[in-house]
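Encoded as structure tokens, the structure appears first; notes follow it.
The values are calculated or read from the model by the stated rules, or taken from the named source; none is laboratory data. In this text, all values refer to a predicted model and were calculated from it rather than measured experimentally. Ideal geometry is used to build each Cβ from the backbone, glycine not excepted, and the neighbour counts take in all protein chains shown. Ligands, DNA and RNA are stripped out before the accessible areas are found, and what is left, the full protein with its side chains, is counted by its heavy atoms. Shrake-Rupley method; radii C 1.70, N 1.55, O 1.52, S 1.80 Å.
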Amino acid sequence: PSAALALLCGSAAAVVVWKWLGKRQIQKKMEEARSTRDEGVKKMAKAVQQFREQVSSVQKDTILSLPLLELTGRLQEGSLSPKTVLYTYLEKALEVTQQTNCLRHFIPECEEQLQEIQRQREKGLLYGIPVSIKDHIGHKGHLSTCGLVQRLGTLVQEDSVLVKVLKRQGAIPFAMTNVPQSLFNYDCSNPIFGQTLNPFNHQKSPGGSSGGEGALIAGGGSILGIGSDIGGSIRLPSSFCGLCGLKPTAERLSVWHTHLLNVHVCSRPTPVPCTLGPMARDVDSLALCMKALLCQDMFQLDPTVPPIPFDEEVYSSSAPLRVGYYDTDGYFPLPPCMRRVVWETRGALQAAGHQLVPFSPPRIHYVMTELFLKTFFADGGRAWLDVFTGDIVDPSLKSQVNCCKIPSLGKKLLALILKPLQFLLLLKLKNVATISTCRSVKEMWNHHHQIEAYRTEFIARWRELRLDVVLCPVLGPAFTTGYPGKLLTAISSTMLYNVLNFPAGVVPVSTVTEADEKDLKLYQGWCDDPWDRTLKQAVAGAVGLPVAVQCVALPWREELCLRLMKEVETLSREK
């Protein structure tokens, strides 16, 4: 017995030591990654200082205040040099990331690209424009981490198609921005590079998963950024940070060599696909970016992208629009200020001569639980859990990860126990513990069919009302950091258009007022239950923060979506 006890104690001690060594190894990798980033920041700060010593007469504030269209004009005519613009934005980005922790890494090869564009025969549409890109968009020689330790050792071997096209259009990718761990969160925090903060209020989140982009652009450190969206990851940071952001139809822009978790996006067939899109300070910037990207280079480098150039005539049209609208999807009631601005925008559009038609999206409870969440957790979350192997889970994701770890039998028992609360769970699903899975290939194919059937139903209702576009709410204002992880399914307003694969964009139209804050105190949601109260806590203290609306069009009609966004932007600025 004593020998057995000694063996047992020795084995236990060995396991403890083994786990300690594993954690120590993870900590060492994270420390090395942070050190590499910090060294890159120091080198860039030194390069900016050297430039300032050589060129002391740069009007920094003037350059930073120029809208993208005006800046491109000045660069094209030669009244501003690409080098001056690049170093002005590098300097500002250093300042913004010091305050918000929005950058994952500077791209030192931006100097090489600066030299390259000066050798190009023709100036592209984005000639000399500094562009920031989200962490997982592939850039040769750099990491694509997704906030995961397991991805720290592998450098990207080739530029993504989108980065190649940006460069051929004369743009200068200069920074990669921070993301939440695994990208599956609309906060912006990971154990390696930490929490990114909202530049307008450091107690608030910039949104996610393109949160680093949101913070950098809103803080003035970038004039144009590229994010990605699979549930609202462009639109939510745009809403939280007061930016314009566009989620195009999937495959309108190439996703080749863009990495999502541990799999190539382009080789991962899914009925709810990831899409890349632009983020900027105004709608014209988004339109210019789309026009630049939808070129022959894009179509040749990625033959799966339909060769549809940007339709300037549709975007520039002044014909009245027939606009469907709604202020709630009936699933997760949004704060009063978000519904207020839908009604105000509706009134402004109607006064401007557009026709406004009430519209109600069908069966959002079904879409949320049976279509969207089931797509990502068809296997009970096992593939998602695999990406955390040999990693430390960020606190903002622990509740979801722990739910996925519950064995199948445990989930079935939990579902049985909670059956009396089934209606409440469907109304306001807190986590993924009770989501049904696809137990066979046949069930998976049936799930895909259900999504296609819903798209058909939605389009039929759209056409029945003869709509051009739809105006609707988006989640906001900015949540206090840490809260997005507690309210995964509050994203129904954006998630719907990922399931449908419709182009959708966000435009800031107002700010939170004292009256909005008073109305929030009366907010009860559907049931005044713990989830409604959590949302109330998440958005409290937001006076002065941006408030936005969402604009939607049918698939492949990005120009029409941008047209409505431009109209909304113009009317809100006039007001």
Rounded to the nearest 10 Å², the accessible area of TRP531 at probe 1.4 Å: 40 Å²
Residues with amide H under 5 Å from that of LYS123, placed H, sequence gap 5 or more: none
Highest to lowest packing among 473-479, 71-77, 215-221, scored as the average C-beta count within 10 Å: 473-479, 215-221, 71-77
Computed lengthening from SER65 to GLU313, 0.36 nm per intervening residue step minus Cα-Cα distance: 86.5 nm
Distance between modelled label sites at GLN54 and LYS518, nm, 7 Å Cα→Cβ extension: 5.8 nm
Accessible area of segment 490-575 belonging to carbon and sulfur atoms, whole % at 1.4 Å probe: 53 percent
Share, in percent, of DSSP beta bridges within the chain that are antiparallel, nearest 5: 70 percent
Listed pairs LYS140/LYS247; LYS29/LYS374; LYS60/LYS167; LYS43/LYS486; LYS28/LYS140; LYS374/LYS566 exceeding 28 Å between Cα atoms: LYS29/LYS374; LYS43/LYS486; LYS374/LYS566
Residue-by-residue Karplus 3J(HN,Hα) for segment 555-568, coefficients 6.51, -1.76, 1.60, Hz, glycine and proline x: x, 6, 10, 4, 5, 6, 4, 5, 4, 5, 4, 5, 4, 4
Unit charges at the beta carbon, dipole of segment 1-47: most positive-side option, VAL16, ALA6, SER35: SER35
Two-decimal log10 I(q)/I(0) for segment 457-575, as the Debye equation yields it once each C-alpha is a single scatterer, q = 0.16 Å⁻¹: -0.89
Highest to lowest packing among 284-292, 155-163, scored as the average C-beta count within 10 Å: 284-292, 155-163
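May I ask for the net charge around GLY245, where only other residues with Cβ less than 10 Å from the Cβ of GLY245 are counted and Lys, Arg are +1 while Asp, Glu are -1?
With Lys, Arg at +1 and Asp, Glu at -1, the neighbours total 0.
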Heavy atoms of ILE192 accessible to a 1.4 Å probe, total area in Å² rounded to 10: 0 Å²
Two-decimal Rg to Rh for segment 33-118 - Kirkwood Rh, Cα set: 0.98
Cα convex hull of segment 361-408, projected area averaged across orientations, nm²: 4.2 nm²
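For ARG168, what is the net charge nearby, where nearby means another residue's Cβ is under 11 Å from its Cβ and Lys, Arg count +1, Asp, Glu -1?
Charge balance in the 11 Å sphere: -2.
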Helix-only mean residue ellipticity at 222 nm for the chain, each DSSP H run of n ≥ 4 adding -39500 (n - 2.57), per residue, nearest 500: -14000 deg cm²/dmol
Three principal axis lengths of segment 217-327 [C-alpha, angstrom, descending]: 40, 33, 31
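What is the projected area of the convex hull of the Cα atoms of segment 297-338, averaged over all directions, in nm²?
6.4 nm²
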Efficiency of FRET from Cβ geometry, VAL543 and GLU77, R₀ 35 Å, rounded to 0.05: 0.25
³J(HN,Hα), Karplus 6.51/-1.76/1.60, whole Hz, each residue of segment 391-404, x for Gly, Pro: 9, 9, 7, 5, x, 5, 10, 4, 5, 5, 5, 5, 5, 5
³J(HN,Hα), Karplus 6.51/-1.76/1.60, whole Hz, each residue of segment 299-304, x for Gly, Pro: 5, 7, 5, 10, x, 7
Kirkwood-type radius of segment 146-190, with distances r between different C-alpha atoms, in Å: 12.5 Å
Solvent-accessible area, 1.4 Å probe, carbon plus sulfur percent, for segment 1-142: 54 percent
Stokes-Einstein D for the chain, Kirkwood Rh over Cα pairs, 20 °C, 1.002 mPa s (µm²/s): 88 µm²/s
Burial order of peptide ranges 363-376, 110-123, 294-307 (average beta-carbon count within 10 Å, highest first): 363-376, 294-307, 110-123
Cα principal axis extents for segment 4-151, largest first, Å: 83, 30, 24
Amide proton proximity set for ARG104, modelled H, under 5 Å, gap of 5+: MET176, THR177, ASN178
Nonlocal amide H pairs with VAL469, under 5 Å, H built at 1.01 Å: ARG322, GLY324
Nearest-10 value in Å² for the accessible area of ILE392, using the 1.4 Å probe: 50 Å²
Charge context of ALA319, other residues only, Cβ under 12 angstrom, K/R +1, D/E -1: -1
